[in-house]
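The next block holds one structure in the form of structure tokens; read it before the comments.
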Amino acid sequence: MKRRAFIALSISAAAWLLNGCGTNGNPDNGNNGTNAGGGSEIGTTSAPLPIPQLFKGEVRNGVRHFDLSIDKAAHSFFSGVATATYAVNSTYLGPTLLLTNGEEVSINYTNNIGEETTMHGHGMHLPAIMDGGPHQMNDPGKTWSARYRVSQKACTNWYHPHLMGKTAEHVYKGLAGLIIVQDDESRALDLPDRYGEDDIPLVLQDRRFDSDGQILYAPTRMEIMRGYIGDTYITNGAIDPFIELEAKEIRLRILNGSNASVYKLGFDDGRRFHQIATDNAFLEAPVALTRLRLSPGERAEIVVDLSGDKGKTLLLKDYRRGKTFLELRVTKDAVTQTTLPDTLTNLTRFDPQNARNTRTFRLSGMMGRLLINGVEMNMNVINERVPLDQVEIWEVHNNMGIEHNFHIHATHFMVLERNGSAANVAENEKGYKDVIYLAPHDTLRVIVKMVDYKDANNPYMYHCHFLEHEDAGMMGQFVVV
Ligand code: C2O
Ligand code: CU
Ligand code: CU
């Protein structure tokens, strides 16, 4: 594995104007054509895709330690422009952490940004005090450690801040990174697994920049409701990047790391690909798709077959807004080949007959605040007490005319029904999920069981993962008792 830091990008000033100012709704952008100078075209790509470093940590006294530093940094989104960011051991985003099921880990975050934050292990099955939620404060100048035994199936998770009221801003400035959990099964499957070569991490985001190329985070009341959407698409921190790939099956580990954008992903030639994993595990079998909807916080691993495509270029795009995330250039012969397996794993499905309780969560809004069951998040209120090992149905109602999603910490769930019918649950939603999308007025029934960790005092969170919504109150707390 080559170590590759995020590199300085060489995007021309013209491309910056076109990508950054020219389309972001900035009132100053009307005349940028006169400044563009070089005749660059929209869509010109000149930056190689940055691959976050893969951190394997260091074993000390039988515990695998990851020593991470949350820093203020400067990142080159645009050539010649130093954009102020927050980052983890990097200039934007952070390294990918490689964890192995069964081992004890300690992820040590030293906070060097001069303000409070927290760092949450999204998708990790861990004790509440190790969750990195709003109660596990990481004070400036201090190190906070998430120490636990990894106890879950192979999947792609992520870490990000979870500071009460400031999650959106801290993520927007650049704090997020991937966590890959591997297990015996994932290592045995004939899947692409050469990190950065045929197993490519993709953190998809959109951002707004001001006319100086600085990250602009200033949502209006309306944008808190609608979500803070940026017109500059960035992939692993680069605008319009490309990657040179082998003519073979390629695995993409995709995180929708945006604050509030639902993406509908696909390739520009309409080609079929296979989703192999949802948020918390492989699917039982690959699911063929041409378009993939991914809402904020959701992950998907897909395999796209480029075997016969040497010399071709394809684009990974968001078809909701017609924008490009990544140009895939098939320039190399396969070093090794893989053949997509027909079956990937076995998942445990709880029988709804065995559910002992149904909890209802109604998502609504009032006067610029966003609510669950009529109340906004209050750090001092435990909203739900969930018995350990009890199978439950959680029913989530979107009572609004806008999109939301629903995330539960520390566990995974399976979707039983959407709008009263199992037939409305897509094939690629029939896996272990920790975030699930709700269209306006959708109702979902999911089945869940809290296992292993009980703690009557320290809560986990459930919330909408549109970060402006979360910060505006659409979150609640549960303890496992
Ligand atoms: Cu991704 Cu409560 O978080
Ligand atoms: Cu989470
Ligand atoms: Cu929401």
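The values are calculated or read from the model by the stated rules, or taken from the named source; none is laboratory data. None of these values were measured; they are calculated from a predicted model. Reconstructed Cβ throughout: ideal geometry from the backbone, glycine too, with neighbour counts over all protein chains shown.
List the number of the failed condition for Ile107; all other conditions in (1) closer than 20 Å to Asp455 by Cα; (2) within 16 Å of ligand 2 (Cβ to nearest atom) hold. Only one criterion is unmet by Ile107, namely (1).
With respect to the stated conditions, Pro387 fails to be touching a residue at least 12 places away in the same chain (Cβ under 8 Å), surrounded by fewer than 18 Cβ atoms within 10 Å (Cβ to Cβ), over 21 Å from the mean Cα position of the chain (by Cα) and within 15 Å of ligand 3 (Cβ to nearest atom). Candidates in region 103-121 are the residues that are touching a Leu at 6+ places or on another chain (Cβ under 9 Å) and within 13 Å of ligand 1 (Cβ to nearest atom); of these, the one that is farthest from Leu163 (Cα to Cα) is Met119.
Restricting Leu93, Leu126, Leu97 to those that are under 21 Å from Val203 (Cα atoms), within 16 Å of ligand 2 (Cβ to nearest atom) and touching a residue at least 60 places away in the same chain (Cβ under 8 Å) reduces the list to Leu97. Within region 234-247, residues that are in contact (Cβ under 8 Å) with a residue 60 or more places away in the chain sit with their Cβ atoms under 6 Å from residues that are surrounded by fewer than 24 Cβ atoms within 10 Å (Cβ to Cβ) and charged (D, E, K, R), at 6+ positions apart or across chains, in these pairs: Phe242/Glu327; Phe242/Arg329; Glu244/Arg329; Glu246/Lys332; Ala247/Asp309; Ala247/Lys310.
A count restricted to region 250-309 and to residues that are more than 19 Å from the chain's Cα centre (by Cα) and of a type in the set (S, T, N, Q) stands at 2. Residue pairs whose Cβ atoms lie under 6 Å apart, separated by 6 or more positions or on different chains, with the first residue in region 312-329 and closer than 16 Å to Leu255 by Cα and the second surrounded by fewer than 21 Cβ atoms within 10 Å (Cβ to Cβ) and aliphatic (A, V, I, L, M), are Thr324/Leu315. The criterion of at least 2 residues that are more than 28 Å from Leu283 (Cβ to Cβ) is met, among strands (runs of 3 or more DSSP E) falling completely within region 320-403, by 323-332, 357-366, 369-372, 384-386. With respect to (1) touching a Lys or Arg at 6+ places or on another chain (Cβ under 7 Å); (2) within 16 Å of ligand 2 (Cβ to nearest atom), the lone exception for His120 is condition (1). Restricting to region 395-416, count the residues that are surrounded by 17 or more Cβ atoms within 10 Å (Cβ to Cβ), within 20 Å of Gly365 (Cα to Cα) and away from ligand 3 (no atom under 16 Å from the Cβ). Total satisfying the criteria: 0.
Rundown of residues vs (1) at pLDDT 95 or above; (2) over 16 Å from Leu49 (Cβ atoms); (3) within 16 Å of ligand 1 (Cβ to nearest atom), yes/no style:
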position: Ala218; (1), (2), (3): yes, yes, no
position: Asn236; (1), (2), (3): yes, no, no
position: Pro241; (1), (2), (3): yes, no, no
position: Glu246; (1), (2), (3): yes, no, no
position: Ile250; (1), (2), (3): yes, no, no
position: Leu255; (1), (2), (3): yes, no, yes
position: Asn259; (1), (2), (3): yes, yes, yes
position: Phe273; (1), (2), (3): yes, yes, no
position: Thr278; (1), (2), (3): yes, yes, yes
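Restricting region 427-455 to residues that are without any contact (Cβ under 8 Å) to a residue 60 or more places away in the chain and either over 18 Å from Glu392 (Cα atoms) or in a loop (DSSP other than H, G, I, E, B) (or both) leaves a set whose member that is farthest from ligand 1 (Cβ to nearest atom) is His441.
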